[in-house]
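What follows is calculated from the coordinates using simple rules that are stated; it is not laboratory data. A quick note: this is a predicted structure, and the numbers were derived from the prediction, not measured. Here the Cβ positions follow ideal geometry from the backbone for every residue, glycine too, while neighbour counts run over all protein chains shown.
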Amino acid sequence: MMAQIQEDKYNLAPKKFNMWIFIFTSFMFFAALTSGFIVYTGGREHAINIILPKAFMYSTTVIIISSITMFIASRAAKRLEFGKQRLFLWLTLALGVLFFCDTDLRLEHFN
């Protein structure tokens, strides 16, 4: 009921459009950097032999899992399952802390 009242009061279409533009540009920027890296490392004359650290795979896995838990929490909120929403939000928070702890450990390793 409250969501309907607020939706009628404010026009959310421009904000939603801006959010999708931001998501699209972020995706395209990441894709451009990734393709540039692949092309640069694939060349024979100027190739850089980079071996990604294992922490990269670890942090990527943590980010993907936290995105999934956030999505599940969002779906639970839409279905008014607040207990399930709270559980997955706490899991997302714990994964975020785990990601930052991993980043801190990697920084200590290089110093």
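Cβ-Cβ contacts under 7 Å between residues 6 or more apart (or on different chains), taken from a first residue in region 53-76 that is closer than 17 Å to Phe88 by Cβ to a second residue that is among the polar types (S, T, N, Q), are listed as Ser66/Thr92; Thr69/Thr92; Met70/Thr92; Ala73/Gln85; Ala73/Thr92; Ala76/Gln85. Select from region 50-92 the residues that are within 13 Å of the chain's Cα centre (by Cα) and not small (Gly, Ala, Ser) and list them in ascending order. Of everything in region 50-92, those that are within 13 Å of the chain's Cα centre (by Cα) and not small (Gly, Ala, Ser) turn out to be Thr60, Thr61, Val62, Ile63, Ile64, Ile65, Ile68, Thr69, Met70, Phe71, Thr92.
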